[in-house]
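Only one structure is covered here, and it is reproduced in the block below.
The values are calculated or read from the model by the stated rules, or taken from the named source; none is laboratory data. Small disclaimer: the values here were computed from a predicted structure and weren't measured. Methodologically, a virtual Cβ is constructed for each residue, glycine included, from the backbone with ideal geometry; neighbour enumeration extends over all protein chains shown. Please note that ligands, DNA and RNA were not included when accessible areas were found on the heavy atoms of the full protein model with its side chains. Shrake-Rupley method; radii C 1.70, N 1.55, O 1.52, S 1.80 Å.
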Amino acid sequence: MTDVIAEIATGVCALDAAQWDRLNASGNPFVGHSFLCALEQSGSIGPGTGWSAAPIAIRDDAGALAGALPAYLKTHSQGEYVFDHGWADAYERAGGRYYPKLQIASPFSPVPGPRILALDERTAGQLLQAAQNVVLENGLSSAHATFVDEAQLPLFRDAGWLIRSGTQFHWTNADYADFDAFMATLASRKRRAIRKERAAAQAAVEIEILRGGQIRPHHMDAFWLFYQDTGMRKWGRPYLTRAFFDLVAESLRDSIVLFLAHRNGHPVAGALNLLGPDCLYGRYWGCTEDIPFLHFELCYYQAIDFAIAHGLARVEAGAQGEHKLARGYLPTTTWSAHYIADPGFRAAVADFLERERRAVEREQSFLEELGPFKRG
């Protein structure tokens, strides 16, 4: 077998954009060159953030990218949404050093998608071997690929990575003609509750839907205030910088859908979404006024309206949130993959993951029984 040389680039920005995006056949915007490069250019990742870009790349004989991993060296476990703080604590209490670790992910984005960008399975396998070599040769504890597209799980399993399951809530479009057609599939009690929520929110504000070139700098100024409010309450400080939103507004302008709420002529809340080939991804939300049901309206119901109108297959509204269930977003399994270098620690994590998997399955079965749809 011919030796393959993998390189660790200084960042995604250092790699050719067209070649990178050619590897992203799914068109998932969160592993696209523009999104990942915007994180680097804006300082959302890099010095002082605990995220150091270290994409792993393999080139073909002509020097073009044949495969890549969006990888990062991390000195903490924030911004991942797949929680391994307990693993870190246990490993360090046993005398190990958990950080830095290698993270294969789209930073701050709990969005399922491809984590191995490759033209063929052979190259995909070589990339995972390269990631393992990075761990072993640099004395790292582990490598983690979070929110892995289910279709790629066999690649990780074949390479000996441990598989972890989790739960998100996604809305699926059953070729609904409009929102009322979707509502007709719900139990009457749920329909009444949703109508009440929508009426209250819409009576309190005026809602504007902005796309592409319609989004002007003053819109992003307003949204930045909303995002800061959410970030301060959730994480202590926002993960993303102001510059990030300007960069994506330019490089991903055709993929941005902004739901903006105004009250008395002033913006008071917003939900920023990214549009994929068949999915609307709800990502960032915030407000400067606490208006009943407005979060549900902007983040969930407006997203459903948009998906139906544009023939999208689904809406993915982000991490966690069992409150989404009553609004038509059903439990969906998400996946991550983990390479643990220490055999003893790997065995302990494997045991934990098996018990956790059974608990996740039981919880999802229970949640499905609580779903809002009509029975029979």
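For Gly286, the residues 5 or more places off, or on other chains, whose built amide H falls under 5 Å of its own are Gly270.
For the stretch 130-260, the dipole from Cβ point charges (+1 on Lys and Arg, -1 on Asp and Glu) about the Cα centre works out to 740 debye, to the nearest 20.
The average projected area of the stretch 8-87, computed from the convex hull of its Cα atoms over all directions, is 6.0 nm². Histogrammed with a bin width of 5 Å, the alpha carbon distances of the stretch 205-262 distribute as 4, 18, 27, 25, 17, 9, 1 percent, first bin at zero.
Where (i) 1.04; (ii) 0.97; (iii) 0.95 are the candidate values, the label of the one calculated here for Rg/Rh (Cα atoms, Kirkwood Rh) is (ii). Once C-alpha pairs closer than 8 Å and six or more residues apart are averaged by separation and normalised to the residue number of the chain, the relative contact order reads 20 percent. Think of it as helices only: each DSSP H run of n ≥ 4 in the chain is worth -39500 (n - 2.57), and spread over all residues that comes to -11000 deg cm²/dmol at 222 nm. Considering only Tyr339, Pro267, Ala309, the residue lying farthest towards the positive end of the dipole of the stretch 264-371 is Tyr339, judged by Cα position with unit charges set on Cβ. Projecting the Cα atoms of Gly63, Ile5, Val31 onto the dipole axis of the stretch 1-64, where Lys and Arg carry +1 and Asp and Glu carry -1 at the beta carbon, places Val31 farthest toward the positive end.
Distance from the C-alpha centroid of the stretch 148-167 to that of the stretch 265-297: 31 Å, rounded to the whole angstrom. If R0 is 41 Å, the Cβ-Cβ spacing of Asp60 and His262 corresponds to a FRET efficiency of close to 0.20. Beta bridges assigned by DSSP with both partners in the chain are antiparallel in approximately 90 percent of cases.
At each listed q (0.30 Å⁻¹), what is the log10 of I(q)/I(0) that the Debye formula gives for the stretch 272-319 modelled as equal alpha-carbon point scatterers? Relative scattering, expressed as log10 I(q)/I(0), comes to -1.14.
Expressed to the nearest 5 percent, the antiparallel share of DSSP beta bridges inside the stretch 269-367 is 70 percent. Sorting the segments 62-74, 171-183 by their mean number of nearby beta carbons within 10 angstrom, highest to lowest, gives 62-74, 171-183.
Here the gap between His76 and Glu206, fully extended at 0.36 nm per residue and compared with their Cα-Cα distance, gives a gain of 42.7 nm. Given the C-alpha centroids of the stretch 22-71 and the stretch 298-325, what is the distance between them in whole angstrom? So the two Cα centres are separated by 27 Å. At a probe radius of 1.4 angstrom, the accessible area of the chain per residue rounds to 44 square angstrom. Calculated FRET efficiency, Gln214 to Phe179, Cβ-Cβ distance, R0 = 22 Å: about 0.45 to the nearest 0.05. The angle between the Cα long axis of helix 121-137 and the longest principal axis of the Cα atoms of the chain comes to about 70 degrees, rounded to the nearest 10. How large, in percent, is the carbon and sulfur part of the accessible surface of the chain at a probe radius of 1.4 Å? Result for the chain: 51 percent of the exposed heavy-atom area is carbon or sulfur. Here the chain is treated with +1 on each Lys and Arg Cβ and -1 on each Asp and Glu Cβ, and its dipole about the Cα centre works out to around 1160 debye.
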